[in-house]
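The values are calculated or read from the model by the stated rules, or taken from the named source; none is laboratory data. Worth saying up front: this structure is predicted, and the values here are computed from it rather than measured. Cβ atoms come from the backbone with ideal geometry, glycine included; neighbour counts cover every protein chain shown. What goes into the accessible areas is simple: the full protein's heavy atoms, side chains included, and nothing from ligands, DNA or RNA. Shrake-Rupley method; radii C 1.70, N 1.55, O 1.52, S 1.80 Å.
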Amino acid sequence: MSVLVIWASPNKDGLTAAAKDKVLEGLQSAGKKAEVIHLNKSDIKRCLTCGHGWGICESQGQCVIQDDFQEIYEKIIASEGIVWITPVYWHDLAECLKSFLDRLRRCETHHNHYLQGKKNVIVACAGGTGLGAIQCLGRLEETLNHMEMITVDRIPIIQFNKAYMLPALQGAGERFAQELDIRS
């Protein structure tokens, strides 16, 4: 098994990408295999709220939309843990991550419960003033809580703190790897 690092940003050279790279360094230096999923490069459509607002996600734990969702979902189920990394847009998650999580939550909360107890680290990367990073982390954690996933760390990266927080992300990756080894 490996740790999934799921990130969303259209900018492959920005703050969010740098955060992803540092977490990966930490996981790998602790001896963990990691797989990276770049949601901006994935085909993830928004939830259609089928039928009366619930489709087969409620009754069968699957989604009727044919895109990359199911493959990523299976990788999440098989993973040891997940690191979610998002840029902050208007105090909120990246749109492609929101779309993915909307569908994941629908499959998990009423039917599957495969992710119950799965450990996560969440990272929000905000440019500009960085005022939305904490709200973004709160929204992400609340969504993961709906699926009974466990968030072990919440890390805001903003322009003010990036000089010392980016190196700290390597340590966060190392510590998360240790946490997964302790609990496995």
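Listing for the model above:
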read-out: Semi-axis lengths (Å, descending) of the ellipsoid that matches the C-alpha gyration tensor of the chain; value: 26, 19, 14
read-out: Kirkwood-based shape ratio for region 17-76, expressed as Rg/Rh from alpha carbons; value: 1.14
read-out: Fluctuation leader among Ala172, Ala17, Ala78 - the chain, Gaussian network, Cα springs under 10 angstrom; value: Ala78
read-out: Anisotropy class of region 131-184 from Cα gyration tensor, a/c 1.5 cut; value: oblate
read-out: Ranking by accessible area, most exposed first, for Tyr114, Tyr89 with a 1.4 Å probe; value: Tyr114, Tyr89
read-out: Net length gained if the chain between Gln62 and Trp90 were fully extended (0.36 nm per residue, minus Cα distance); value: 7.0 nm
read-out: 5 angstrom amide H check on Gly55, placed H, neighbours 5+ away; value: Cys50
read-out: Two-site FRET efficiency, Leu48 against Thr129, from Cβ-Cβ distance with R₀ of 41 Å, rounded to 0.05; value: 0.70
read-out: Accessible area of the chain belonging to carbon and sulfur atoms, whole % at 1.4 Å probe; value: 50 percent
read-out: Under 11 Å, Cβ to Cβ, from Tyr89 - net charge with Lys/Arg +1 and Asp/Glu -1; value: -1
read-out: D_trans [Stokes-Einstein, Kirkwood Rh over alpha-carbon pairs] for region 71-158, 37 °C, 0.692 mPa s, µm² s⁻¹; value: 251 µm²/s
read-out: Per-residue SASA entry for Val152, accessible area with 1.4 Å probe, Å² rounded to 10; value: 60 Å²
read-out: Part-to-part distance (alpha-carbon centres) for region 137-176 and region 25-90, which is given in Å; value: 18 Å
read-out: Rounded accessible area per residue of the chain, 1.4 Å, Å²; value: 48 Å²
read-out: Estimated Rh, region 59-121: Kirkwood, alpha-carbon pairs, angstrom; value: 12.7 Å
read-out: Built amide H within the under 5 Å cut-off of Ile150, gap 5+; value: Gly117, Lys118, Lys119, Asn120
read-out: Cut-off 12 Å between beta-carbons: net charge of the residues surrounding Ser79, Lys and Arg +1, Asp and Glu -1; value: +2
